[in-house]
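J.: Have a look at this one.
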Amino acid sequence: MLSDDMATKKARTTRTTDLCYSLATRQFSRLLGRIYQKHLDPVSISAGDFAIMEFLSQNSEMTMNDLAGELVMERTTLVRTLKPLQAKGLVVTKPDPTEPRRLFISLTSLGEAKRQEALPHWAMAQGEVEQLIGKSVAEQLRNGIDTALKANRHS
């Protein structure tokens with residue numbers, strides 16, 4: 001049997017973990033990662049790879065800093081993430097002719113083909129998430145995340 005102090009501490013800890021946005025988003029992020037990876041494994045890319053290829057597909061080329069900003073990722077982390085994509089010939093980097101320290105990243109034709117191949121797999125992952133939590137909840141979650149990210153970019 002728990003002492004009164006232990007019961008109070010357990011109740012407070014349970015309540016805190018039940019209410020913690022950070023913990024809940026980390027747990028959900030791990031779940032999402034498993035769902036997306038399960039669906040993207042057949043095309044040999046990660047969800048992060050897919051996101052990079054999507055941004056590059058929508059923008060003919062982006063600077064390293066711009067892409068890192070869109071991904072809400074540190075530039076050094078992006079550099080490490082890009083290396084396997086470059087090795088596979090899916091993306092290329094080139095220096096800005098006016099500022100050699102600035103790099104432009106673009107999707108290759110092979111990268112675009114891989115992105116097209118991955119799209120139906122990504123759509124299946126999206127569908128699984130919507131089935132898991134409901135389409136309306138998924139859309140509300142996405143909208144809330146967008147709102148928070150936009151507010152943070154301007155602060």
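J.: Can you tally the net charge around residue 108? Count Lys and Arg as +1, Asp and Glu as -1, for every other residue whose Cβ sits under 12 Å from the Cβ of residue 108.
T.: The answer is +2.
J.: Looking at the P(r) of the chain, how many percent of alpha-carbon pairs lie beyond 24 Å?
T.: Result for the distance tail: 48 percent.
J.: Specify, per residue and in Å³, the volume enclosed by the convex hull of the alpha carbon atoms belonging to segment 78-155.
T.: Output value, Cα hull per residue: 143 Å³.
J.: What size of dipole, in debye to the nearest 20, comes out for segment 2-155 about its Cα centre when the only charges are +1 on Lys and Arg C-beta atoms and -1 on Asp and Glu C-beta atoms?
T.: Charge dipole, segment 2-155, about its Cα centre: 440 debye, nearest 20.
J.: Now for a separate question. Full-extension gain between residue 65 and residue 88, please, as 0.36 nm times their residue separation minus the C-alpha to C-alpha distance.
T.: Contour length minus Cα-Cα distance gives 6.1 nm.
J.: Rounded to the nearest 0.05, what FRET efficiency do residue 123 and residue 147 give with R0 = 22 Å and r taken as the Cβ-Cβ distance? Could you check?
T.: Given R0 = 22 Å and the Cβ-Cβ separation, E is 0.35.
J.: Now, a different point. With a 1.4 Å probe and all protein chains left in place, how much of the accessible area of the chain comes from carbon and sulfur atoms, in whole percent?
T.: 56
J.: Then there's this: Could you give the angle, 0 to 90 degrees to the nearest 10, between helix 21-40's Cα long axis and the longest principal axis of the Cα atoms of the chain?
T.: Compared with the principal axis, the helix lies near 50 degrees.
J.: Dipole of segment 24-155 (Lys/Arg Cβ +1, Asp/Glu Cβ -1, origin at the Cα centre): which of 143, 27, 44 lies farthest to the positive side?
T.: 27
J.: Checking the table 38/114; 114/135; 38/135 against a 22 Å threshold on Cα-Cα, which pairs fail?
T.: The pairs that break the limit, which is 22 Å between Cα atoms, are 114/135.
J.: Run the helix sum for the chain: -39,500 (n - 2.57) per DSSP H stretch of 4+ residues, divided by residue count, reported at 222 nm to the nearest 500 deg cm²/dmol.
T.: Result for the chain, helices only: -24000 deg cm²/dmol.
The values are calculated or read from the model by the stated rules, or taken from the named source; none is laboratory data. What you see is a predicted model, and the numbers here were worked out from it, not measured in a lab. So basically every Cβ, Gly included, is an ideal-geometry build from the backbone, and we count neighbours across all protein chains shown. Note: areas computed on protein heavy atoms with side chains; ligands, DNA, RNA excluded. Shrake-Rupley method; radii C 1.70, N 1.55, O 1.52, S 1.80 Å.
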